[in-house]
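Report on one structure; see the data block that follows.
Where a number appears in this text, it was derived from the coordinates with a stated rule and is not lab data. Everything numeric in this text was worked out from a predicted model, so none of it was measured. Every residue, glycine as well, gets a Cβ built from its backbone with ideal geometry; the counts of neighbours run over all protein chains shown.
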Amino acid sequence: MVKPKAVVFDLGKVLLHFDFAIAASNLAARCNRSARDLQELLDQSPLLHRYETGLITTERFFAECQRLSGFRGDLTEFGAIFADIFTPIDPIIHLHSDLRSRGVPTYIFSNTNPLAVGHIRRRFEFFEHFDGYIFSFEHGAMKPEPRLCEAVEHLSGCRGDGLLYIDDRSENVAAGRLRGWQTILHMRPPETIEAVRKTGLLA
Ligand SMILES: [Mg+2]
């Protein structure tokens, strides 16, 4: 096994847990719809997919959500509720700072949206300490599309087994493996940390 040159982290459910039910129940207090309906509107919905692919702006996403939900409030209020769904996964955040302290370049590779990124940047200090960020909405493509994987190689200047990629979704991991990346299918932090150790990066 070759020692990787850079480590690529998925964000959701690797570094941060998220739960759209939190946003749905907080939005429900200011809408004409039930929390359950609102969760359906947001979580894995075609509307969110368009937003995270960069096909619609934040203003348009908000306008659509407002139309479909009857939300009483402005974009600032909506954004604050919509994005406040994350909690840190401390062992993986520590793993990241461990890699940084050893001089290993690190990247964030995420299907996400501008409201979430703005919130995460303000709320979580670890988030600024990466060498680069590959966000779906900035590239008009979602993981596991090859085009977005290419963006990772382009930004990091690494390819093939020079990259170690950690993600909790098997279709994403498969896309990385297809390109020759070293991969870890994240399930629980102890196993992921052990798998990183085996690459020699923490020695
Ligand atoms: Mg994930």
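Per-residue HN-Hα couplings for segment 15-23, Karplus 6.51 cos²θ - 1.76 cosθ + 1.60 at θ = phi - 60°, whole Hz, x for Gly and Pro?
Calculated HN-Hα couplings, in order: 9, 9, 6, 9, 8, 5, 4, 5, 4 Hz.
What are the ³J(HN,Hα) couplings of segment 159-167, residue after residue, when phi is run through the Karplus curve with 6.51, -1.76, 1.60 and θ = phi - 60°? Round to Hz, x for glycine and proline.
These are the phi-based 3J(HN,Hα) values: 8, x, 6, x, 10, 10, 10, 10, 8 Hz.
Check each of the trypsin sites (Lys or Arg not before Pro) in segment 1-62 and keep only those in coil by DSSP with at most 15 other C-beta atoms within 10 angstrom; list them in order.
Within segment 1-62, the qualifying trypsin sites (Lys or Arg not before Pro) (loop, at most 15 other Cβ atoms within 10 Å) are Lys13, Arg30.
Quick one: Karplus J couplings for segment 91-104, per residue in order, coefficients 6.51, -1.76, 1.60, θ = phi - 60°, nearest Hz, x for Gly and Pro?
x, 7, 5, 5, 4, 4, 5, 4, 5, 4, 5, 8, x, 7
Round to the nearest 10 and give me the degree value, 0 to 90, for the angle of helix 189-198's Cα axis relative to the longest principal axis of the chain.
So the helix axis and the longest Cα principal axis differ by about 30 degrees.
Please work out the Cα convex hull volume for the chain and give it in Å³ per residue.
106
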